[in-house]
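J.: Just dropping this structure here.
The values are calculated or read from the model by the stated rules, or taken from the named source; none is laboratory data. As the structure is a computational prediction, the values presented were derived from the model and not from experiment. Every residue, glycine among them, receives a Cβ derived from its backbone with ideal geometry; neighbour counts consider all protein chains shown.
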Amino acid sequence: MAFVRGKFVGFQNIRRIACIHGRFQPFHLGHAEYLQACLRGWDDVVVGIAAATPVSDVYPGVEHRVLPTANPLNYLERIILVRRCCDDLGIDSARIEFAPFPIDTPSLIQHSIPKEVTCVTTRLYDWNDEKIRRLRNEGYDVSVIPDSRHMGFDGRTIRRLIKQGDDRWKDMVSPSVAECIERWGLRERILKLEAEQHAQGIEGLD
């Protein structure tokens, strides 16, 4: 069997790898800014997908995280959206990899992200501080982006606009991400999940 050496040479120095993380429901331009800031400081970046499977850990202020309506996209779909956004922005995909990031059960993170990898985060919400605490307790080095800014919207805003049929959400994501969201029928999916939550008597819709 003959092997041909390819051009891919990244991800060889584990200490020059950083990890961003989030649910990315969906991946929007604020997330893209977070990713780009990380790429400016590290050679390669792992995009950690939080809540890769349904979670039940309720944290004050972000209780909606556990609701099906807050998690309409599956793990693979979120990876696809990150890749599409990177293509739109001209980000070199060879510098990016993906892994589950079970922040709700932080002791499991080590099984997908080595502890030599730096976890990079923003500090926009109280939930960020809680994640920083959890990661440091697990032995990770955490770097906070000092100039991170709130874009004036978040994933929750986008999901609500999609549900309402308000096209303003398209200005909050890259063009290819918007195309995927429409092609996959995410509005209909969210409405169905909302109806199922109502039928189950689940209070506090996303």
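J.: Looking only at the range 147-178, count every residue that is surrounded by 14 or more Cβ atoms within 10 Å (Cβ to Cβ), among the polar types (S, T, N, Q) and outside any loop (DSSP other than H, G, I, E, B) and tell me the total.
T.: Here the count works out to 2.
J.: Tell me, which residue of the range 17-75 that is in a helix (DSSP H, G or I) and of a type in the set (D, E, K, R) is modelled with the lowest pLDDT?
T.: Here the residue is Glu63.
J.: Of everything in the range 88-128 that's among the aliphatic types (A, V, I, L, M) and part of a loop (DSSP other than H, G, I, E, B), which residue is surrounded by the fewest Cβ atoms within 10 Å (Cβ to Cβ)?
T.: Leu124
J.: Quick check: anything in the range 83-106 out of contact with any Lys or Arg (no Cβ under 7 Å at 6 or more places or on another chain) and of a type in the set (S, T, N, Q)?
T.: Looking for residues that are out of contact with any Lys or Arg (no Cβ under 7 Å at 6 or more places or on another chain) and of a type in the set (S, T, N, Q), one finds at least one in the range 83-106, hence yes.
J.: A further question on this structure: List pairs: first in the range 18-42 and farther than 12 Å from Phe98 by Cα and in contact (Cβ under 8 Å) with a residue 12 or more places away in the chain, second surrounded by fewer than 22 Cβ atoms within 10 Å (Cβ to Cβ) and aromatic (Phe, Trp, Tyr), Cβ under 9 Å, 6+ apart or cross-chain?
T.: Listed pairs, sorted by first residue: His28/Phe153; Leu29/Phe153; Gly30/Phe153.
J.: Which one is farthest from Arg78 (Cα to Cα), of the residues in the range 179-201 that are in a helix (DSSP H, G or I) and among the small types (Gly, Ala, Ser)?
T.: My answer is Ala199.
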